[in-house]
Amino acid sequence: MRAVPAPKVWVTGLTVGATAVVVALAVQADKGAKPTAGPPGSSATATATATPKATESARPTRVPDGSGTGRRIVYSLGQKRVWLVDASEATRRTFTVWPGTVAPDPGSYQVGTRTEATTGSDGVKIEHVVYFAAKSGVNVAFSNAVDGSSPPPPEADAQTGGVRMKTGDGSALWAFATAGTTVTVVE
């Protein structure tokens, strides 16, 4: 009588189990949920029922209709959100922003000047400044505060064209927004 080797079945079971865990974590990450458990022996306490931050739970994943085609940056004035879209129409990143008091008109623009770092019109040190429009004599540009803070409330009658974002988002936009990149502004 010949014995069937057990390791093959055991390895197949491990592979199926590992694949299921990876898929479950990917689904949770896509939904913005925290994993329900960490590696063996860890003391992770997050649960799938934990309430995500409001900005993440309402996070749209679809680029707005009428935002053009091809590689571009899409800026929604109403949603206060930016999408980085590659040539294959895949969204590489999307994030919320804090717009200034001067908004560009909806339409298509191109990235012009880029400045590594400067001081914003509100006196805050900013970096990754990507200029793409002007309105009423005010330049409109994406940027992030060097210290990672959100912009202070504008002074009365101040005209600011900075569209601020978190530091990581600013770095991603800076890498994506080379000179000539299309920026589509939608309502």
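The values are calculated or read from the model by the stated rules, or taken from the named source; none is laboratory data. Small disclaimer: the values here were computed from a predicted structure and weren't measured. When we count neighbours, we look across all protein chains shown, and the Cβ atoms used for this are built from the backbone with ideal geometry, even at glycine. Side chains are part of the model used for accessible areas, which takes the heavy atoms of the whole protein and leaves out ligands, DNA and RNA. Shrake-Rupley method; radii C 1.70, N 1.55, O 1.52, S 1.80 Å.
Suppose a student asked you for the relative contact order of segment 94-168, using Cα pairs under 8 Å spaced at least 6 residues apart; what percent would you report?
36
Among residues other than T101 whose Cβ falls under 11 Å from its Cβ, what is the net charge (Lys/Arg +1, Asp/Glu -1)? Could the numbers behind the result be given before it?
On the way: positive: K135; negative: D122, E155, D157.
Local charge sum for T101: -2.
How charged is the neighbourhood of H128? Take every other residue with its Cβ under 10 Å from the Cβ of H128, and add Lys/Arg as +1 and Asp/Glu as -1.
Taking every Cβ under 10 Å from that of H128, the sum is -2.
Assuming 0.36 nm per residue, please report the length gained on full extension of the stretch R62 to T167 beyond their Cα-Cα distance.
35.5 nm
Of all the accessible heavy-atom surface of segment 105-187, with the other protein chains kept in place and a 1.4 Å probe, what percent is carbon and sulfur?
In segment 105-187, the share of accessible area belonging to carbon and sulfur is 49 percent.
Could you check the simple spin-label distance between R71 and A175, using points 7 Å along Cα→Cβ, in nm with one decimal?
1.4
Between T101 and K125, with labels modelled 7 Å along Cα→Cβ, what's the label distance in nm to one decimal, could you check?
2.6
In square nanometres and to one decimal, what's the mean projected area of the convex hull around the Cα atoms of segment 60-181?
7.1
For the pair S108/S149, report the inter-label distance in nm, with labels modelled 7 Å from Cα in the Cβ direction.
4.0
Please give every one of the aspartates and glutamates within straight-line cross-link reach of K125, meaning a C-alpha to C-alpha distance under 14 Å, and leave out same-chain neighbours fewer than 8 residues apart.
Straight-distance partners of K125: E116, D147.
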